[in-house]
Amino acid sequence: MDVKEFLKTNPDINLASIASKMWPTNKSAKTYLSRKLSGEGDRPWTDKDSAKAKEVLKQLSDEIQRLLK
């Protein structure tokens, strides 16, 4: 499973939060992410998107790990 599929299929992930961290200056980040994930519109999912999403998820993972210590 790749990161795009993970985001599409995992209901526990808050896509609005992930999107706002991936594109902090984009007021419509959630819509932008949703369109990229669904394949709608003219913005395909790219390797750069995967890298950004992984970075955000890694930060979240690190925060969770600190809580569990």
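Bear in mind that the values in this text are calculations on the coordinates, not laboratory data. Being a predicted model, the structure only gives us computed values, none of them experimental. No Cβ is skipped: glycine too gets one built from the backbone with ideal geometry, and neighbour counts run over all protein chains shown.
Gain in length, D2 to T25, computed as 0.36 nm per residue apart minus the alpha-carbon separation, to one decimal in nm?
Extra length available between D2 and T25 comes to 5.7 nm.
If you take the charge dipole of region 3-68 about its Cα centre, with +1 on Lys and Arg Cβ and -1 on Asp and Glu Cβ, which of G41, S17, Q59 is farthest toward its positive end?
Checked the options; the winner is G41.
Quick one: Debye curve from the C-alpha atoms of the chain, no solvent, what's log10 I(q)/I(0) at q = 0.16, 0.19, 0.20 Å⁻¹?
Results for the chain at q = 0.16, 0.19, 0.20 Å⁻¹ read -0.53, -0.74, -0.81.
I'd like the orientation of helix 29-38 relative to the chain: the angle between its Cα long axis and the longest Cα principal axis, in ° from 0 to 90, rounded to 10.
Relative to the chain, helix 29-38 is tipped by roughly 70 degrees.
For the chain, what is the charge dipole size about the Cα centre, in debye to the nearest 20, if Lys and Arg each add +1 at the Cβ and Asp and Glu each add -1 at the Cβ?
200
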